[in-house]
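The values are calculated or read from the model by the stated rules, or taken from the named source; none is laboratory data. Just so it is clear, the structure is predicted and the values come from calculations on it, not from any experiment. Ideal geometry is used to build each Cβ from the backbone, glycine not excepted, and the neighbour counts take in all protein chains shown.
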Amino acid sequence: MNRLALAVLSPLILTGCDRIDSLLWQPKTTPMQWCESMPCVELFSSGVTLTQPTSTILIYFLGLMWLWVGWRFWQVDNGQKSRRWWSIAMTLGGIAALSAGTSYQAFGFELKCTGREFCTWTSWWEIAYLVLQVGSVNAMLAGVAYACTKGRMRRVLLTYALVNTVIYCCVAAAGAFLPNRFMVSFEMLVLFSTPALVACFVINGWRYIDSKSDKDKILLTAWVIMFVTNILYYAYLLLGYTQTLWSAGVWFSENDVLHVLMLVWVWYVGTAVVGVMDDIEPQPPCY
């Protein structure tokens, strides 16, 4: 049953590639040790092991929220390229969250440990998450470019978003096939994503100081929530609360901090940002 679940969960397009399997969890961890180090439960007496069940619920709900907001932007598109790009961004982010939750949380044991002597460190679901998340961030940058800039600045931002996405895809692919741990790490994702987020913060901050517009105020608030979320995530991680709480039977990790606060951010985007996002130079409706 476990082997069948693993076969269903693995993306078919990548079934022939097993190079990333050589990246093992450090220190080397057996399947038994995996479930001694984090919450594991059997899924409805099926023989399938579910990892971090409460975190799984949070991340899947977050993914659905991203998709809902993407749909909201699409519904009010009206030919506005800024809204269209944000719809793409939120849709990619939602798929990324679901992919991440499948491997980092829900079926991590099945994908990384089942049938192995030692558990692997990553999976193709996580590679997909990394690529989709970078694409999502750069799509947000494209949306801000259409909503808040024009001329040369817009062209620079759009070119950067495209080039950054292409380069990261190449880096992630190379990291998976070499394989190289750092090239497919969350830290590499942060390195590629942060410049776009900082650019958005600076653009909206500068424009708000200059014009005090509601659009820039709302977008600036969104970026502040994003940065505070990441700061609190790293603070919780570095303070080591996860293992302390897990040992006491409380299943709340640094990832849960990230997921809960990102729910706040996604809700804000879906209720506030969607209402003010429009192009500086309105595009004619598409018929």
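Below are the figures for this structure:
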read-out	value
Pairs, first more than 15 Å from T194 (Cα to Cα) in segment 139-162, second of a type in the set (G, A, S), C-beta under 6 Å, six or more apart	G143/S82; Y146/S82; A147/S82; R154/A145; L158/A142; L158/A145
Total residues in segment 198-229, condition in contact (Cβ under 8 Å) with a residue 24 or more places away in the chain and either closer than 17 Å to V264 by Cβ or among the hydrophobic types (A, V, I, L, M, F, W, C) (or both)	14
Residue check for V76: at pLDDT 95 or above, in contact with a helix residue (DSSP H, G or I) (Cβ under 9 Å, 6 or more places away or on another chain) and either over 25 Å from V257 (Cβ atoms) or β-branched (V, I, T) (or both)	no
Whichever residue in segment 163-197 is free of Cβ contacts under 8 Å to residues at least 24 places away in the same chain and not in a helix (DSSP H, G or I) and, among such residues, is nearest to L130 (Cα to Cα)	S185
Residue that is surrounded by the most Cβ atoms within 10 Å (Cβ to Cβ) [pool: residues in segment 36-69 that are within 20 Å of S253 (Cα to Cα), β-branched (V, I, T) and out of contact with any His (no Cβ under 9 Å at 6 or more places or on another chain)]	T51
Those residues of segment 209-219 which are surrounded by fewer than 19 Cβ atoms within 10 Å (Cβ to Cβ) and in a helix (DSSP H, G or I), in sequence order	I209, D210, S211, D214, K217
Residue within segment 249-256 that is over 23 Å from F61 (Cβ atoms) and part of a helix (DSSP H, G or I) present	no
Qualifying residues in segment 25-67 (those that are assigned to a helix (DSSP H, G or I) and of a type in the set (F, W, Y)) - the one nearest to T120 (Cα to Cα)	W34
Segment 27-54: number of residues that are touching a Pro at 6+ places or on another chain (Cβ under 8 Å) and touching a residue at least 40 places away in the same chain (Cβ under 8 Å)	5
